[in-house]
Amino acid sequence: MVRIIKTKARSIYTKSGIPGADYAINQYVGCQFACRYCYAKFVCKWKPYGEWGSWVEVKTNAPELARRRVDGTVFMSSVSDPYQPIEKELKLTRRVLQFMDKRNRLDVLTKSPLVVRDIDLFKLFDHVEVGLTVNTFEGREKELIEPFSPVQKARINALKELSEEGIRTYAFISPIIPGITDVEAVVRETRDFVDYFGFEVLNLRGAGREFEELLKENFPESYSVMTSGEKFARLLKELVELIKRLNVKTEGIEVHQGGWRFLRI
Ligand code: SF4
């Protein structure tokens, strides 16, 4: 049972260092999907509610605050999934979209097919794009790494439906974990209906000590590639070659090792 904490925010648009985003908007903080590697877990340092995934902070006044016109791209969301399970009942994300200035450039990223519910609202924006994170985790891998997120097929179907409704879409292939994430399979399954691809290699440091242990114990080969400079460099080289061979539209690969960088393709 997830603990819901209702709060009021002073503002809802926060400056963002995320590539391609000027602001982030988080009507929720915390995420029921509780992915083991989630980079947003760091917020637990300031939120004394318990372990990541067991609580969600709900900013009840987010819709009114979202009215503001902002210059630049707004990324929804950076420390939560805007379409996590409680959204179905609370409809907070939907109300934020209803209130938001439709001239704001909006980039929505989720793992949930619930996003298709709001296609009617996306159509009202001057500039909007919707991404679904797809990473091919199934069976034991999914159970260990991302147990509560929607299945891959549902995410792919959501991308297809969004695209058929005329929404600009992208598949965000993340996290790329060597030996586990099948990048080529995602591209093959989605290339007919997504506008472009995002690629992100697992940020092992951001994923935290517990995830590092999980990877080491259950996927030692993957762990070895992630922690060896030479093997990691080879992984990146092979990824660049693969993406070039697949000939898809992308900005490049997000890489985090000894700091964040963007590998242009
Ligand atoms: S869906 Fe996103 S925000 Fe939610 S736990 Fe997973 S990685 Fe974190």
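The residues listed here are Val130, Val115; of these, the one that is assigned to a helix (DSSP H, G or I) and touching a strand residue (DSSP E or B) at 6+ places or on another chain (Cβ under 7 Å) is Val115.
For (1) over 19 Å from the mean Cα position of the chain (by Cα); (2) crowded, with 20+ Cβ neighbours inside 10 Å; (3) under 19 Å from Ala40 (Cβ atoms); (4) not small (Gly, Ala, Ser), each residue gets a yes or a no:
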{"residue": "Ile177", "(1), (2), (3), (4)": "no, yes, yes, yes"}
{"residue": "Thr181", "(1), (2), (3), (4)": "no, yes, no, yes"}
{"residue": "Asp195", "(1), (2), (3), (4)": "no, no, no, yes"}
{"residue": "Leu202", "(1), (2), (3), (4)": "no, yes, yes, yes"}
{"residue": "Lys216", "(1), (2), (3), (4)": "yes, no, no, yes"}
{"residue": "Ser228", "(1), (2), (3), (4)": "yes, no, no, no"}
{"residue": "Val240", "(1), (2), (3), (4)": "yes, no, no, yes"}
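Scanning region 61-83 for residues that are more than 15 Å from Phe122 (Cα to Cα), touching a strand residue (DSSP E or B) at 6+ places or on another chain (Cβ under 7 Å) and of a type in the set (S, T, N, Q) gives Ser77, Ser78, Ser80.
If you go through region 243-263 and keep only what is surrounded by 14 or more Cβ atoms within 10 Å (Cβ to Cβ) and either among the hydroxyl-bearing types (Ser, Thr, Tyr) or part of a helix (DSSP H, G or I) (or both), you end up with Ile243, Leu246, Thr250. When every residue of region 181-188 is checked against the conditions, at least one turns out to be farther than 24 Å from Tyr39 by Cβ, in a helix (DSSP H, G or I) and touching a residue at least 40 places away in the same chain (Cβ under 8 Å). Only one entry of Leu106, Leu124 meets the criterion of being assigned to a loop (DSSP other than H, G, I, E, B), at pLDDT 95 or above and away from the ligand (no atom under 16 Å from the Cβ), and that entry is Leu124. Which members of region 1-17 meet the condition of being more than 13 Å from the ligand (Cβ to nearest atom) and of a type outside the set (Gly, Ala, Ser)? Correct list: Met1, Arg3, Ile4, Ile5, Lys6, Thr7, Lys8, Arg10, Ile12, Tyr13, Thr14, Lys15. Is it true that Tyr28 is within 11 Å of the ligand (Cβ to nearest atom) and closer than 28 Å to Ser163 by Cα? Yes.
Among the numbered conditions (1) of a type outside the set (Val, Ile, Thr); (2) within 12 Å of the ligand (Cβ to nearest atom); (3) assigned to a loop (DSSP other than H, G, I, E, B), the only one that Ala40 does not meet is (3).
To keep it simple, each residue is scored yes or no on (1) surrounded by 19 or more Cβ atoms within 10 Å (Cβ to Cβ); (2) among the hydrophobic types (A, V, I, L, M, F, W, C); (3) outside any helix (DSSP H, G or I); (4) more than 12 Å from the ligand (Cβ to nearest atom).
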{"site": "Cys35", "(1), (2), (3), (4)": "yes, yes, yes, no"}
{"site": "Gly50", "(1), (2), (3), (4)": "no, no, yes, yes"}
{"site": "Gly53", "(1), (2), (3), (4)": "yes, no, yes, no"}
{"site": "Glu64", "(1), (2), (3), (4)": "no, no, no, yes"}
{"site": "Val70", "(1), (2), (3), (4)": "no, yes, yes, yes"}
{"site": "Ser78", "(1), (2), (3), (4)": "yes, no, yes, no"}
{"site": "Gln84", "(1), (2), (3), (4)": "yes, no, yes, no"}
{"site": "Val96", "(1), (2), (3), (4)": "yes, yes, no, yes"}
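In region 145-172, which residue that is of a type in the set (A, V, I, L, M) and away from the ligand (no atom under 11 Å from the Cβ) is nearest to the chain's Cα centre (by Cα)? The selected residue is Ala171. With the condition kept exactly as written, say whether any residue in region 190-202 is of a type outside the set (Lys, Arg), within 16 Å of the ligand (Cβ to nearest atom) and outside any strand (DSSP E or B). Yes: region 190-202 contains one or more residues that are of a type outside the set (Lys, Arg), within 16 Å of the ligand (Cβ to nearest atom) and outside any strand (DSSP E or B).
The values are calculated or read from the model by the stated rules, or taken from the named source; none is laboratory data. Quick caveat: nothing in here was measured; it's all calculated off a predicted structure. Because the Cβ atoms are built from the backbone with ideal geometry, glycine has one as well, and the counts that use them run over all protein chains shown.
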